[in-house]
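The values are calculated or read from the model by the stated rules, or taken from the named source; none is laboratory data. Just so it is clear, the model here is predicted, and its values are computed rather than measured. Note that each Cβ is placed from the backbone with ideal geometry, even for glycine, and that neighbours are counted across all protein chains shown.
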C-alpha cells in the first residue's frame, strides 16, 4: 500500500521568545512515522507529548526545523504547493465553534470550495454529497448556533470532506462533546474510513476511540514510544500506565483479574470479547 | 436572558419583496431616500411615500412590527417638531407669551414628521425583508468595483460575516462567564454607575481572552481550508438578477421622476 504521509526524523520547536526570555523547548525530538493510504491510525499521548504538533506538520501548518515531512508525496516545506497539500490532507480541530466560518450550514461546507475556486454547479453537488455523508443534509439551511456540539462537529467534518481529501487529520475532535455527540462523530469517522476509503489520523485521549483504529502510535515527550495494533498496545497495561495513559476499561478489568491469579487475556479491548471471556471464566 | 437578542431584524417570508435581489433592494432603497429628500412639496412627498407603502403592503410585514421600528425615533420626531413649530419665522397663527406658532412652522413640522417616518419605514423594509447574511453579500458585490482602488472589500465582507457568525457564540459565552463570576460572589447589580462599570471588568477580560483564542483557532481552521483572501474565489450562491428586479428598479426611478416633476410644476 502507498504511503500518504511520511515523516522522517522530524525535530520541531517553537521559536524562542526574546521578551519573556523563555527558551525554545524541543517539542518534537526525533519523530519518524508513515501512514498508509486508507489506514485508520490513532495517535495517543498525554498533554505535551507533541501529538498535536506532529499532526500540524501533516498539512504544512508547521514545518519541521530538521527532517522532512512528505504529504501525498509533496515535501511540506515547498510553499508553492501549500494549497495542494491542504486540499488533500484536511484537518478537523477540537472546538467545532471555532471552525465554522459561515452563518448557514451549507455555506460553511462550501467555504473551502469557494476558496479553491470550484465552479458553482460542481460546488452544489459536492456540498450536498458532503452533508449527506455526515448525515447532516436535512440541516443544510440551519444556522450553526441552532445545532448541538456533535452536529456542529459533523458540519465541520463535512466542510473538510467537501474538498474530497485523501486523508483527514483529526485533533481531538470529540474532546468537547457530550457522550452522544462523541458517538455520532466516531460513527461518522468510521464510516468515512470504511465506506469512502479516506485515511484517518485520529489524535485522541479516549482509549475506547483509539481501540477502533487499525494502528495506534503512542507518543511521549516528543518521541514515539511504541506503535502497533490496538490489542498489542493495550495489552501492555503497565507500560501505558507509566506513560500517563489509560487502557480501555475492559482491558483494565482483565488485567486486574490476571493480577489476582485468574487466567485472563489482556488482548481484550472491547465489551463483547470481555463478556465472552468472563462467561468462560464463570463456566469453569 | 442575553439569548433573546436578535441580530438584525429579518422577518422571514416569501413575498415578492423578499425575493428581490438584495443588491437591487439596496439601490431601490437609496433611490427612495433620494426621492424623499428631493420632494419639496406635499404632493411629491406623498408620491414617494406611496411607492414605499405599496412595497410595504406587498412584503406582508405586520404593521405592528413596523411600529416597533418607529418607536425608538419618537423622541427625535418630537424634538424636531418642537424646534420647527416654535422657532420658524413666518405668518403667525397663534401666540402664547413668547411662544408663537407660524403657518410655516406647522407646514415644515408635518413635512418633517412624514419624511422621518417614511425614511425609517423604508430602510426598515430593507432589513426586514433581507437576512443579514444576504445583505452582507450584496454589499460586497455592490462595492466590488472599489476593490480596484485597493479598498479591501472582500476582507470587510468577511469580517462582517464572521462577526455575524460569532455574535451568538460570544453572547452565550458572556452568559457563562457572568454566571461563573456571580458564583464567585461578583456583584454586578448594585452600586452607582462607576461601580457597576468596574464590576464589568471580570467579565470583559475573560471574554476578550477567549475571543482572541477563538480568532486564532478560526484563522488556523480557515487556513486548513485553503483560505487565501478574495482572489479567485467562487460562490455557492451567486446573486442572479431577474426581470422582476429590473422592473422594481425601473419603478423606483419612475417615482423619483414623478417627485422631481412635482417639484418643477409646483416649485
Worksheet entry | Residue identified as surrounded by 11 or more Cβ atoms within 10 Å (Cβ to Cβ), away from chain A (no Cβ under 14 Å) and at positive phi among B:191, B:185 | B:191
Item to complete: Could you please give the count of residues in the stretch B:219-241 that are modelled with pLDDT of 90 or more and either closer than 30 Å to residue B:50 by Cα or in a helix (DSSP H, G or I) (or both)?
Response: 6
Practice prompt. Name the residue, out of B:69, B:109, that is touching a helix residue (DSSP H, G or I) at 6+ places or on another chain (Cβ under 7 Å) and without any contact (Cβ under 8 Å) to a residue 60 or more places away in the chain.
Written response: B:109
Worksheet, complete the sentence: Note on residue A:102: of the conditions (1) modelled with pLDDT under 90; (2) out of contact with any helix residue (DSSP H, G or I) (no Cβ under 8 Å at 6 or more places or on another chain), unmet is (2)
Worksheet, complete the sentence: Only one of A:41, A:69, A:31, A:10 is buried (at least 22 other Cβ atoms within 10 Å of the Cβ) and within 30 Å of residue A:147 (Cα to Cα), namely A:41
Worksheet item: Pick from the stretch A:93-124 the residues that are surrounded by fewer than 24 Cβ atoms within 10 Å (Cβ to Cβ) and more than 8 Å from every other protein chain (Cβ to nearest Cβ): which of them is farthest from residue A:199 (Cα to Cα)?
Response: A:121
Item to complete: May I ask you to list pairs of residues, at least six apart or on different chains, whose Cβ atoms are under 6 Å apart, with the first in the stretch B:159-171 being more than 7 Å from chain A (Cβ to nearest Cβ) and the second being in a helix (DSSP H, G or I) and buried (at least 17 other Cβ atoms within 10 Å of the Cβ)?
Response: B:160/B:136
Practice prompt. Give the residues of the stretch B:138-163 that are under 15 Å from the mean Cα position of the chain (by Cα) and crowded, with 18+ Cβ neighbours inside 10 Å, sorted by residue number.
Written response: B:138
Worksheet item: When the stretch A:138-179 is examined, which residues are found to be assigned to a loop (DSSP other than H, G, I, E, B), more than 16 Å from the chain's Cα centre (by Cα) and away from chain B (no Cβ under 12 Å)?
Response: A:142, A:148, A:164, A:178
Worksheet, complete the sentence: residue A:94 passes all but one of the listed conditions (1) in contact with a helix residue (DSSP H, G or I) (Cβ under 7 Å, 6 or more places away or on another chain); (2) modelled with pLDDT of 90 or more; (3) not in a helix (DSSP H, G or I); the exception is number (1)
Practice prompt. Determine if the stretch A:193-202 includes at least one residue that is more than 28 Å from residue A:29 (Cβ to Cβ), out of contact with any strand residue (DSSP E or B) (no Cβ under 7 Å at 6 or more places or on another chain) and surrounded by 15 or more Cβ atoms within 10 Å (Cβ to Cβ).
Written response: no
Item to complete: Tell me, yes or no, whether the stretch A:214-234 has at least one residue that is in contact (Cβ under 8 Å) with a residue 40 or more places away in the chain, part of a helix (DSSP H, G or I) and surrounded by fewer than 18 Cβ atoms within 10 Å (Cβ to Cβ).
Response: no
Item to complete: State all residues of the stretch A:266-284 that are in a loop (DSSP other than H, G, I, E, B) and free of Cβ contacts under 8 Å to residues at least 40 places away in the same chain; if no residue qualifies, say none.
Response: A:266, A:267, A:268, A:284
Fill in: Of the criteria (1) over 30 Å from the mean Cα position of the chain (by Cα); (2) within 14 Å of chain A (Cβ to nearest Cβ); (3) surrounded by 16 or more Cβ atoms within 10 Å (Cβ to Cβ), which one residue B:234 fails
(1)
Discussion item. For the structure I just gave you, tell me whether residue A:127 is within 15 Å of residue B:234 (Cα to Cα), facing another protein chain (nearest Cβ under 7 Å) and outside any helix (DSSP H, G or I).
Written reply: no
